[in-house]
1. Where a Cα-Cα gap under 24 Å defines reach, which lysines qualify for Lys124, not counting those fewer than 8 residues away within the same chain?
2. Please give me, ordered by residue number, the GluC sites (Glu not before Pro) of the range 1-75 that lie in loop per DSSP and have at most 11 other Cβ atoms within 10 Å.
3. With θ set to phi - 60°, apply the Karplus curve 6.51 cos²θ - 1.76 cosθ + 1.60 along the range 103-114 and write out the HN-Hα couplings as whole Hz, x wherever there is a Gly or Pro.
4. Could you pull out every residue, at least 5 positions away or on a different chain, whose amide H is within less than 5 Å of the one on Val239? Hs are placed 1.01 Å off N in the peptide plane, and Pro or chain starts have none.
5. Can you give the charge dipole size of the chain about its Cα centre, rounded to the nearest 20 debye, using +1 on the beta carbon of Lys and Arg and -1 on the beta carbon of Asp and Glu?
6. Mind listing the long-range amide H neighbours of Val35? Cut-off is under 5 Å, sequence gap 5 or more, other chains count too, H placed in the peptide plane at 1.01 Å from N.
7. Report the relative contact order of the chain, percent, no decimals, based on alpha-carbon pairs under 8 angstrom and at least 6 residues apart.
8. Using square roots of five times the C-alpha gyration tensor eigenvalues, list the equivalent-ellipsoid semi-axes of the range 29-71 in whole Å, biggest first.
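Bear in mind that the values in this text are calculations on the coordinates, not laboratory data. Computed from a prediction, not measured in an experiment: that's the story for all the values here. In this analysis, Cβ positions are derived from the backbone assuming ideal geometry, glycine residues included, and neighbour counts consider all displayed protein chains.
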Amino acid sequence: MSNLAERVAVVTGASRGIGRAIALELARRGAAVVVNYNASAEAAEQVVAAIQGAGGSALAVQADVSDLAQAEALIKAAQTQFGKVDILVNNAGMTRDGLLMSMKETDWDSVLDTNLKSAWSCCKAAVRGMIKQRSGRIVNITSVVGISGQAGQTNYSASKAGLIGFTKALAREVASRQITVNAVAPGFITTDMTASLSAELMAELNKRIPLARYGAPEDIAYAVAFLVSDEASYITGQVLTVDGGLIM
Ligand code: NAP
């Protein structure tokens, strides 16, 4: 297991689902973790309590990361509490599905702001400190639909494809300072986000997954933990797909 002792991690959207699993895994490997949330204060405090109960350090910070000023305040809170940010995981995300013909402008804007602009904002706030310390790890949680597309998700697919371009561009910008920027593209993972899918659709999707199961949030957390480890120091600008073989 990689050792993240002395590292400080910020995980956006860490109150539930994949972000929660990432926060717990990074803490288990020794990192102090800032558990960002937007609306789920109680759930975020439970993540903090679980980390502290296991002897780790954590802090819950409320911030709507779709807003630049709040994203900046989140990074500032991490720096104030723990002195620095070594690891940034841009995980916060949402869906507002619908066919293009019926999709409202607000459905487009909120998904793009929450899933894509948030990563730009958090990176903008965190990267200065990483450049000064000449080290850093950024992981953006994209999606297989950012690669393959998905009917009914023009907004979500565009935001996730945008994250992949963003990841590669930033990776090139900061590589000379030994900062790596990578993306993880989950397939179908069992969380609140996929809980609304009908049993019929779930069964249909399952047939398309070679490993014949939905992923668990921990499957994504292990991939992130690898990418932020010392062992992954020569990997940057990559998209690691974790999807049971779905889109290979
Ligand atoms: P989830 O269970 O719905 O959890 C979403 C998390 O994001 C929550 O912690 C939520 O916090 C937070 N969040 C949403 N909007 C936010 C905002 N404006 N500011 C701060 N936090 C915000 O989703 P999930 O399934 O874990 O997904 C996590 C990431 O993985 C997303 O980027 C998603 O697109 C991606 N992904 C998921 C799947 C999947 O199958 N589940 C597949 C591919 C990619 P609050 O509850 O506090 O608001």
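1. Leaving aside lysines fewer than 8 places away in the same chain, those within reach of Lys124 are Lys76, Lys84, Lys132, Lys160, Lys168.
2. When the GluC sites (Glu not before Pro) of the range 1-75 are filtered for loop state and at most 11 Cβ neighbours within 10 Å, Glu6 remain.
3. 6, 7, 4, 5, 5, 5, 4, 5, 5, 5, 5, 6
4. Amide H neighbours of Val239, under 5 Å, 5+ apart: Ala183.
5. Magnitude of the dipole: close to 740 debye.
6. Sorted by chain and number, the residues that satisfy this are Leu59, Ala60, Val61.
7. It comes to 20 percent, rounded to a whole number.
8. Result for the range 29-71: semi-axes of 21, 12, 5 Å.
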